[in-house]
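The next block holds one structure in the form of C-alpha cells; read it before the comments.
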Amino acid sequence: MTEQATENRTAIPVTARVSLRVNGVEHHLVVEPRMTLLDALREVIGLTGTKKGCDRGECGACTVHVDGRRVNACLTLAVMQDGHDVTTVEGLGTPENPHPVQRAFVANDALQCGFCTPGQVMAAAACIAEGNATAPHRIREWMSGNLCRCAAYPQIIAAIQEAAQADPVDPAHAR
Ligand code: FES
Ligand code: FES
C-alpha cells in the first residue's frame, strides 16, 4: 500500500459524536457513522422497547417519532438525527399514565405476541396526530407500513378509531 493510500485510509472517521434528546433526556454518544438510529436506541442507550423486525424498512416494528414525525429507525442513521428529538414507546406513556393509544390497544386486545405493538402504537399515535385516522379505510392505508404477523389488524384498527375519538387533536404529544 502506498503512503498516500495509507493516509487516505486513516483519514476515514471510525466514530462520530451524536447528541440525541430521547424521551426528553439528552444523550451524547460516540457511534460508528454507519450505526442506525435503531441500533443506537437499543444497543447504546438501552431502550429496547423499539423492536428490530426486518432491519430494512419493511415491517414498521422500529417506528419512533423524530421531531414529532414517524420514522423507521432502521432506515436512518444515528448521525443523521444529531440534535433532534426522538420519542420511543418508552416515552409515549407510563404504566401509571398510558397514552390514549396504549389504553385503547389494551381495551381492544389489539395484540397477540406483542412484537409489532411498540411500532404499531407509535405509528398509530402519529396517524391520529396527522389527521389520518378519520375512517377505517384511511387507518388501514396510513398504517399499511406496520405489519402484524399475528394478524391482529381488526383489533388494531378498532383501537386506533377509539383513541382518535378519545383524543382527536394531538395524542402523539399528550405526554
Ligand atoms: S425493523 Fe425497521 S421496518 Fe422493520
Ligand atoms: S401481535 Fe404478534 S406480530 Fe403483531
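Using Cα springs under 10 Å in a Gaussian network model of the chain, which residue among 110, 158, 16 shows the largest mean-square fluctuation?
Judging by the Gaussian network model, the answer is 16.
Using only Cα atoms, what is the ratio of the radius of gyration of the stretch 1-156 to 2.2 N^0.38 Å?
Cα-based Rg divided by the globular estimate yields 1.20.
Who wins for biggest fluctuation among 66, 89, 106 in a Gaussian network model of the chain, springs between alpha carbons below 10 Å?
For the chain, modelled as a Gaussian network with Cα springs under 10 Å, the answer is 106.
Ranking request for peptides 118-126, 134-142, 49-57: highest mean number of other beta-carbon atoms within 10 Å first, then the rest in descending order.
The densest-packed peptide leads the list: 118-126, 49-57, 134-142.
When the chain is modelled as a GNM with alpha-carbon springs shorter than 10 Å, which of 94, 36, 117 fluctuates the most?
Fluctuation is largest for 94.
Based on DSSP H runs of at least 4 residues, each adding -39500 (n - 2.57), what is the mean residue ellipticity at 222 nm of the chain after dividing by all its residues, to the nearest 500 deg cm²/dmol?
-9000 deg cm²/dmol
Computed from the coordinates by the stated procedures, all read-outs in this text should not be read as laboratory data. Only a predicted model underlies this, so the values are computations on that prediction, with no experimental measurement involved. Cβ: placed from backbone, ideal geometry, glycine included. Neighbour counts: every protein chain shown.
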